[in-house]
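Engineer: Got a structure for you, written out below as structure tokens; questions coming shortly.
The values are calculated or read from the model by the stated rules, or taken from the named source; none is laboratory data. From a predicted model like this one, the values you see are computed outputs, not experimental measurements. Cβ placement follows ideal geometry from the backbone for every residue including glycine, while neighbour counts extend to all protein chains displayed. Surface accessibility is based on the protein's heavy atoms, side chains included, excluding ligands, DNA and RNA. Shrake-Rupley method; radii C 1.70, N 1.55, O 1.52, S 1.80 Å.
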Amino acid sequence: DKAGHKHFMAKEIAEQPSVLGDANAHYLTETGINFPDELPDFKEINQLTLVACGTAFYACLTAKYWFERLARIPVEVDIASEFRYREPPVAPKTAALFVSQSGETADTLAALRYCEGKADKILSVVNVPESSIARESDCALPILAGTEIGVASTKAFLCQLNVLLLLAIRAAEDRGTRTPEQLANIRNEMRSLPGLINQALEAAPAMKKTAKRLSAATDVLFLGRGLMYPMAMEGALKLKEISYIHAEGYASGELKHGPIALVDKKTPVVVLAPKDSLFDKTISNMQEVIARSGKVVLVTDSQGASMIGSEAADLIVMPDVPEILSPLLYAIPAQLLAYYTAVAKGTDVDQPRNLAKSVTVE
Ligand code: F6R
């Protein structure tokens with residue numbers, strides 16, 4: 001049932017505020033986070049290894065910033081199909097964490113089995129609690145996204161990010177790397193996310209116009225720094241999956257090391273740049289793109305828009321959000337851009353060619 005929407009993907013995008021609100025009604029308590037007792041004490045963990053495929057891998061890349069920044073814990077992130085065959089050494093006091101919407105992805109499951117008997121703890125972040133990955137981990141954390149039908153992951157990605165951020169907060173609490181007040185603050189700010197995401201969804205009409213233009217492109221670049229770097233890659237993946245337009249996400253700082261050679265007046269460049277601690281750096285990369293006639297779609301907040309918005313060909317304005325939470329908000333414009341571009345092209349949004357919802361063969 002698409003609940004009046006044209007596609008399951010549209011429905012799943014639209015229900016994110018309520019899905020996230022429900023997930024956090026479960027996870028956030030007055031004083032902390034409602035996690036199972038089987039979770040390790042992160043004081044006893046020296047290394048965190050995050051493994052996943054596709055969109056779940058980008059959730060892991062985002063989580064690396066959170067775990068490092070909040071909990072000062074060394075984090076390694078890998079694609080499951082590479083991790084499993086590399087047979088990497090697993091250091092003592094390692095927790096291995098597998099992220100999978102379906103919980104059945106063959107490579108992710110094989111990577112988990114590789115870690116059995118090697119890692120101190122095997123954790124998973126899943127949407128399907130009865131899945132193989134959930135059953136074979138010491139502790140499975142459900143993302144509580146509800147059934148996701150659209151092949152392109154949207155609400156599950158958001159809910160993966162949510163649980164990973166909660167886990168990083170817990171790790172910071174265990175390790176004493178942030179004060180209880182600081183952590184309480186972040187948890188409280190997380191309660192405002194459903195409202196902020198609702199506001200972000202109001203960018204849909206502006207997004208439709210931008211998407212019309214994008215639908216004529218053969219290549220699109222996505223740029224971001226810090227927490228926006230994984231989001232740039234996720235935005236590119238989403239766009240290529242459902243619109244079949246070639247797209248790549250890059251760290252803004254890598255632009256001049258190669259990809260800027262691709263920029264010409266036919267290349268839309270989506271720049272994800274909230275007014276955060278790295279804004280000025282990203283904007284100077286954006287200006288390099290404009291100087292080479294690239295057509296910039298700038299996604300920023302009102303402060304960023306008033307400073308620099310007039311330089312961009314297209315401007316999408318997001319509500320203000322604390323920097324640490326920004327991935328949970330900027331996931332929305334990435335999804336909307338892919339969705340409306342695919343709609344403008346008339347491709348099969350929910351069942352894109354060559355793709356399956358659950359990849360149970362390697
Ligand atoms: C992209 C997408 C895929 C999945 C990947 C992993 O929109 O949905 O990239 O994220 O196939 O699937 P799970 O999370 O089920 O392991």
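Engineer: Taking +1 at the Cβ of each Lys and Arg and -1 at the Cβ of each Asp and Glu, which of 164, 218, 190 sits farthest along the dipole of the range 161-229 towards its positive end, judged by Cα position relative to the Cα centre?
Structural biologist: Most positive-ward Cα: 218.
Engineer: Efficiency by 1/(1 + (r/R0)^6): what FRET value for residue 188 and residue 118, r their Cβ-Cβ distance, R0 = 45 Å, to the nearest 0.05?
Structural biologist: 0.75
Engineer: Quick one: if you stick a label point 7 Å off each Cα along the C-beta vector at residue 85 and residue 358, how many nm between them?
Structural biologist: 2.5 nm
Engineer: OK, next. Measuring with a 1.4 Å probe in the full set of protein chains, what accessible area per residue, in whole Å², belongs to the range 91-205?
Structural biologist: With all protein chains present, the range 91-205 gives 34 Å² per residue.
Engineer: In percent, what relative contact order does the range 44-179 have, based on Cα pairs under 8 Å that are 6 or more apart in sequence?
Structural biologist: 27 percent
Engineer: Next question. Compute the acute angle (0 to 90°) between the alpha-carbon long axis of helix 54-71 and the principal axis of greatest extent of the alpha-carbon atoms of the chain; round to the nearest 10°.
Structural biologist: Between helix and principal axis, roughly 70 degrees.
Engineer: Would you please classify the overall shape of the range 65-114 from the alpha carbon gyration tensor, given that a ≥ b ≥ c denote the square roots of the eigenvalues, rounded means a/c under 1.5, and beyond that prolate means a/b larger than b/c while oblate covers the rest?
Structural biologist: Cα axes put the range 65-114 in the oblate bin.
Engineer: Listed here are the pairs 212/345; 240/275; 93/118; 208/240; which of them are more than 19 Å apart at the Cα?
Structural biologist: Violating the 19 Å Cα-Cα cut-off are 240/275.
Engineer: Is it possible to state the helix-based mean residue ellipticity at 222 nm for the chain, with each DSSP H run of 4+ residues giving -39500 (n - 2.57), the sum divided by total residues, to the nearest 500 deg cm²/dmol? What is it?
Structural biologist: Mean residue ellipticity at 222 nm (helix-derived): -14000 deg cm²/dmol.
Engineer: Enumerate by residue number the trypsin sites (Lys or Arg not before Pro) in the range 227-295 meeting two conditions: DSSP loop (anything except H, G, I, E, B), and at most 13 other Cβ atoms within 10 Å of the site's Cβ.
Structural biologist: Hits after loop and neighbour filter: 265, 266.
Engineer: Another question about this same structure. On a C-alpha basis, how far is the centre of the range 78-147 from the centre of the range 277-354 in Å? Whole number, if you could?
Structural biologist: Cα centroid to Cα centroid, the span is 32 Å.
Engineer: Relative to the Cα centre, what is the charge dipole magnitude of the range 221-355, using +1 at the beta carbon of each Lys and Arg, -1 at the beta carbon of each Asp and Glu, and rounding to the nearest 20 debye?
Structural biologist: Its charge dipole is roughly 400 debye.
Engineer: Further question on the same structure: If you restrict to DSSP beta bridges whose two residues both lie in the chain, what percentage is antiparallel, to the nearest 5?
Structural biologist: So the antiparallel bridges in the chain amount to around 0 percent.
Engineer: Please give, to one decimal in nm, the separation of the simple spin-label points placed at residue 34 and residue 303, each 7 Å out from Cα toward the Cβ.
Structural biologist: Each label point lies 7 Å from its Cα, and together they span 3.4 nm.
Engineer: Once amide H atoms are placed 1.01 Å from N in the peptide plane, what residues at a sequence separation of 5 or more from residue 301, or on another chain, have their amide H within under 5 Å of its amide H?
Structural biologist: For residue 301, whose amide H was placed from the backbone, the distant partners under 5 Å are 275, 318.
Engineer: In percent, what relative contact order does the chain have, based on Cα pairs under 8 Å that are 6 or more apart in sequence?
Structural biologist: 19 percent
Engineer: With +1 on the Cβ of every Lys and Arg and -1 on the Cβ of every Asp and Glu, and nothing else charged, how large is the dipole of the range 175-222 about its Cα centre, in debye rounded to the nearest 20?
Structural biologist: Rounded to the nearest 20 debye, it is 80 debye.
Engineer: Here's something else I'd like to know. So for the range 202-326, taking the charge dipole from beta-carbon charges (+1 Lys/Arg, -1 Asp/Glu), which of 261, 250, 282 sits furthest toward the positive end?
Structural biologist: Of 261, 250, 282, it is 261.
Engineer: In percent, what relative contact order does the range 233-362 have, based on Cα pairs under 8 Å that are 6 or more apart in sequence?
Structural biologist: 28 percent
Engineer: Which one, 326, 342, 300, is farthest towards the positive end of the dipole of the range 269-362 when Lys and Arg carry +1 and Asp and Glu -1 on their Cβ?
Structural biologist: 342
Engineer: Show me the ranking of peptides 123-133, 142-152 by mean Cβ neighbours inside 10 Å, starting with the highest.
Structural biologist: Packing order, densest peptide first, comes out as 123-133, 142-152.
Engineer: Using the heavy atoms of the protein chains alone and a 1.4 angstrom probe, what is the accessible area of the range 238-362 per residue in square angstrom?
Structural biologist: Normalised by residue count, the accessible surface of the range 238-362 is 42 Å².
Engineer: How big is the dipole moment of the chain about its Cα centre under a simple scheme where the beta carbon of each Lys and Arg is +1, that of each Asp and Glu is -1, and everything else is neutral? Debye, nearest 20, please.
Structural biologist: 1080 debye
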